[in-house]
Amino acid sequence: MRNGWFFPSRGYGALEGYSNPGLEMFKGEPIRAMAREVCQNSLDAKKNNAQPLRIEFERIFMKVSDFPGMEDMRDVLMKCKRFWAQQNDGKTNEFIKNAIDAISGDKFFVLRISDYNTFGLQGAFDNDEFKPWKSLVQGDAFSVKTSDSAAGSFGIGKAAPFVVSNLQTVFYRTYDQKEVRAAQGVTHLVSFEGEASVSGEDKIRRSTGYFGDGNENRAFKSIQQLDDICKRTEHGTDLFVPGFNFVTGHSTEWDDEIIIEILDNFLYSIYSGKLEVVVNKSVINKKTVEGYITRYLPKTKQAAAFFEVIREDNESVIEEIRDFYQLGSLRLRLIYTPEANKKVLVVRHSGMKISDIPSLPKGISFTGFLELQGEELNKFFRKMENPQHNKWEHKRHPNPEKAKRFKEEVEGWVRDFIGEKIKEISGEEMDIDVSDYFMASEKESPTPKDDREKIENVVDSVKSITVQQDEPKPKNFKVKDIGGYQGQPSRSRTRSGKIDDVGEGFGHRKRTGTEAGGAPTGRRGVGEEQGEDSLYEQMREVDVNARIIKKSSGVNKLIFTAEDIIHKGELEIVTVGENGKPLQLVVKAVKGIDVNAEIEAGHIVINSVEAKRKYSLEFEVYAAKTYAMGVRAYGN
């Protein structure tokens with residue numbers, strides 16, 4: 001075969017068009033997918049753990065004629081064009097056209113990806129088919145790694161570099177630790193009609209071709225054109241992507257996309273000194289990683305949050321290490337700050353992100369980091385990972401029952417640790433049980449609940465909910481009680497009218513709501529069935545920083561700090577109606593913990609409150625429903 005390209009006969013099997021399933025899964029975010037999968041594969045082949053693995057991404061503009069196999073590639077593409085010309089397959093014909101255009105000019109772009117401090121790809125010239133070289137270059141849907149805990153067990157990620165080539169072509173070169181050098185090209189085109197090599201052979205060729213040494217599909221010991229691009233003197237592997245398509249589909253450039261993806265997926269690998277990445281002239285390592293996170297904000301917002309919890313010099317971080325059945329250990333770090341992202345980052349031993357855990361407490365700002373430490377522990381949990389390596393699915397494991405138990409135990413330990421540390425660092429006011437928050441979105445089965453699984457949610461502000469209103473809204477002043485009053489059945493009651501001033505802090509209610517009178521006072525009143533509506537004397541609204549913790553059996557805990565002194569005042573417990581306006585909830589019982597508190601007309605009355613001091617009390621409302629509650633304060 002001229003210039004080394006060899007396309008096997010399809011053997012009277014199926015035709016293969018452009019929509020290769022192995023490549024399609026990476027075409028949504030091709031640049032990012034390529035960066036993620038390449039870095040993962042290289043980390044799995046790391047040689048010396050005392051030194052960082054280095055990966056280089058370099059874009060080169062060069063003559064098409066100086067890249068191996070391109071002259072023969074034109075001939076193959078023209079055969080593809082003729083074969084598919086009469087077929088009504090728009091995607092295939094468009095791909096062929098773009099591929100021809102990519103090598104029709106004098107020059108094109110080539111992406112070089114090189115790793116250093118790896119074993120290289122061993123077995124290029126061995127007869128054993130199950131060696132790393134055969135797996136990566138010639139294998140399909142299987143993967144051979146240097147350790148049992150290596151990530152890429154599906155053999156799918158190696159397709160990612162092909163999707164950033166207009167030719168869907170990659171050339172591999174390696175120099176392994178046994179001093180063996182090898183180089184070979186692989187392309188994923190489409191079926192076409194060629195020439196029969198032997199009598200009776202099907203002339204239709206497979207879509208996958210190899211640029212190698214003769215029809216036996218063997219690698220070259222070297223390809224001079226690749227050595228001219230970049231000479232390799234250290235052990236490791238190179239990928240050369242001809243016809244590099246660097247259009248990202250976003251406003252960012254290709255190199256920015258790679259850096260952002262690496263910060264998102266390999267943050268701990270870089271910070272822990274396991275990985276260094278060079279993208280053109282940008283060097284991302286332990287010393288520079290924080291600067292790149294800041295540079296690419298807000299796209300690196302998640303990385304910024306996780307960086308705070310993995311930083312060894314952050315004294316606010318809480319850390320716990322637990323031995324896990326002698327398989328290895330779980331290392332958990334937590335930080336509580338207003339800027340936290342309420343997520344837990346999970347990484348394997350190489351530092352690559354597996355996933356962040358969803359459905360954790362929403363009322364508290366924290367960020368977590370969970371590292372699986374130990375070869376056996378990583379090996380066990382790796383068998384639960386999906387092909388994208390971002391989720392644990394116990395049914396994928398050879399022992400699904402044990403996998404489910406281990407998965408739930410790890411998650412339960414993290415859940416309990418978060419809950420205990422919240423109480424420990426925040427005191428009694430954060431009396432929260434988070435046992436039901438640690439649920440993955442794909443939760444497989446309900447978990448029996450016990451008393452500690454009663455969720456007590458922290459509410460920092462009034463949130464919108466729907467409240468049924470039984471009577472029309474009045475146009476004038478109103479006092480609305482929600483959920484019944486003094487033991488009466490739950491219902492809404494509206495009283496309307498106008499209040500005007502008479503000088504001593506008292507107002508008069510006009511029962512019709514239409515009679516002329518003074519302007520409304522703007523002060524809250526308590527409507528009486530007979531006579532005047534009394535107002536708290538000289539009341540004004542007071543700013544308070546309040547938090548409500550919903551506890552069991554209808555009891556709620558209120559912690560508040562007033563901005564000003566309150567000699568005598570009232571606290572309204574409010575929710576939000578469907579019209580978006582605050583509605584008062586009627587309080588039926590109150591217990592002051594460190595403040596004098598009593599009930600008056602469904603409000604909480606407080607006395608002698610100092611400014612800037614924290615107070616707490618417990619209360620119950622008449623309504624049996626669950627409300628998102630807030631607080632309004634008035635005082636003199």
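The values are calculated or read from the model by the stated rules, or taken from the named source; none is laboratory data. Keep in mind that this is a model prediction, so the values were computed, not measured. Cβ: placed from backbone, ideal geometry, glycine included. Neighbour counts: every protein chain shown.
The table that follows gives values for the structure above.
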| quantity | calculated |
| --- | --- |
| Matching residues in segment 2-22 - criterion: being among the hydrophobic types (A, V, I, L, M, F, W, C) and crowded, with 17+ Cβ neighbours inside 10 Å | TRP5, PHE6, PHE7 |
| Where VAL277 falls short, out of the listed (1) within 23 Å of PHE109 (Cβ to Cβ); (2) in contact (Cβ under 8 Å) with a residue 40 or more places away in the chain; (3) part of a loop (DSSP other than H, G, I, E, B) | (3) |
| Condition check for SER114: out of contact with any Phe, Trp or Tyr (no Cβ under 6 Å at 6 or more places or on another chain), free of Cβ contacts under 8 Å to residues at least 24 places away in the same chain and outside any loop (DSSP other than H, G, I, E, B) | no |
| Any hit, segment 300-313, residues being of a type in the set (S, T, N, Q) and either surrounded by 15 or more Cβ atoms within 10 Å (Cβ to Cβ) or at positive phi (or both) | yes |
| Residue list for segment 18-57, filter: out of contact with any helix residue (DSSP H, G or I) (no Cβ under 9 Å at 6 or more places or on another chain), farther than 17 Å from PHE119 by Cβ and of a type in the set (D, E, K, R) | GLU56 |
| Tally, over segment 377-387, of residues that are closer than 16 Å to ALA33 by Cα and without any contact (Cβ under 8 Å) to a residue 60 or more places away in the chain | 1 |
| Those residues of segment 369-392 which are among the basic types (Lys, Arg) and surrounded by 21 or more Cβ atoms within 10 Å (Cβ to Cβ), in sequence order | ARG382 |
| Segment 45-56 - residue that is crowded, with 23+ Cβ neighbours inside 10 Å and under 16 Å from TYR172 (Cβ atoms) and, of those, farthest from the chain's Cα centre (by Cα) | ALA45 |
| When residues of segment 242-260 are limited to those that are within 21 Å of VAL283 (Cβ to Cβ) and of a type in the set (Val, Ile, Thr), the one surrounded by the fewest Cβ atoms within 10 Å (Cβ to Cβ) | THR252 |
| Any strands (runs of 3 or more DSSP E) falling wholly within segment 568-636 and containing at least 1 residues that are at pLDDT below 85 and not polar (S, T, N, Q) | 582-585, 630-635 |
| Close pairs from segment 85-107: first free of Cβ contacts under 8 Å to residues at least 24 places away in the same chain, partner assigned to a helix (DSSP H, G or I) and crowded, with 18+ Cβ neighbours inside 10 Å, Cβ under 7 Å, at least 6 apart | ASN93/TRP84 |
| Qualifying residue in segment 227-239 (condition: of a type in the set (S, T, N, Q), crowded, with 22+ Cβ neighbours inside 10 Å and either assigned by TED's automatic domain parsing to the domain that holds ASP66 or part of a strand (DSSP E or B) (or both)) | yes |
| Matching entry among GLN326, GLN302 (being of a type in the set (S, T, N, Q) and under 29 Å from ALA33 (Cβ atoms)) | GLN302 |
| Top-ranked residue of segment 196-226 - restricted to ones that are over 21 Å from PHE162 (Cβ atoms) and among the β-branched types (Val, Ile, Thr), ranked as surrounded by the most Cβ atoms within 10 Å (Cβ to Cβ) | ILE204 |
| Sole residue being among the hydroxyl-bearing types (Ser, Thr, Tyr), surrounded by 18 or more Cβ atoms within 10 Å (Cβ to Cβ), in contact (Cβ under 8 Å) with a residue 60 or more places away in the chain and in contact with a helix residue (DSSP H, G or I) (Cβ under 7 Å, 6 or more places away or on another chain), chosen from TYR268, TYR292 | TYR268 |
| Only listed residue being assigned to a strand (DSSP E or B) and of a type outside the set (S, T, N, Q), chosen from PHE26, PHE61 | PHE61 |
| Which numbered condition GLN225 misses (of (1) modelled with pLDDT of 95 or more; (2) in contact with a strand residue (DSSP E or B) (Cβ under 6 Å, 6 or more places away or on another chain)) | (2) |
| Among residues of segment 171-226, those that are more than 29 Å from MET62 (Cβ to Cβ) and part of a strand (DSSP E or B), counted | 2 |
| In segment 59-111, residue surrounded by the fewest Cβ atoms within 10 Å (Cβ to Cβ) [restricted to those that are under 18 Å from VAL163 (Cβ atoms) and among the small types (Gly, Ala, Ser)] | ALA102 |
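Yes/no per residue for (1) farther than 30 Å from PRO161 by Cβ; (2) under 14 Å from the mean Cα position of the chain (by Cα); (3) not assigned by TED's automatic domain parsing to the domain that holds GLU37:
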{"residue": "TRP254", "(1), (2), (3)": "no, no, yes"}
{"residue": "LEU275", "(1), (2), (3)": "no, no, yes"}
{"residue": "TYR292", "(1), (2), (3)": "no, no, yes"}
{"residue": "GLN302", "(1), (2), (3)": "no, yes, yes"}
{"residue": "SER329", "(1), (2), (3)": "yes, no, yes"}
{"residue": "LEU345", "(1), (2), (3)": "no, yes, yes"}
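Here's the yes/no breakdown for (1) over 28 Å from CYS230 (Cα atoms); (2) modelled with pLDDT under 90:
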{"position": "GLY4", "(1), (2)": "no, yes"}
{"position": "ALA14", "(1), (2)": "yes, yes"}
{"position": "ARG36", "(1), (2)": "no, no"}
{"position": "GLN51", "(1), (2)": "no, no"}
{"position": "GLU56", "(1), (2)": "no, no"}
{"position": "ASP72", "(1), (2)": "no, no"}
{"position": "MET78", "(1), (2)": "yes, no"}
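Yes/no per residue for (1) under 17 Å from ILE204 (Cα atoms); (2) assigned to a loop (DSSP other than H, G, I, E, B); (3) outside the structural domain of SER197 (by TED's automatic domain parsing):
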| position | (1), (2), (3) |
| --- | --- |
| GLY17 | yes, yes, no |
| ARG36 | no, no, no |
| GLN51 | no, yes, no |
| GLU56 | no, no, no |
| PHE83 | yes, no, no |
| PHE95 | no, no, no |
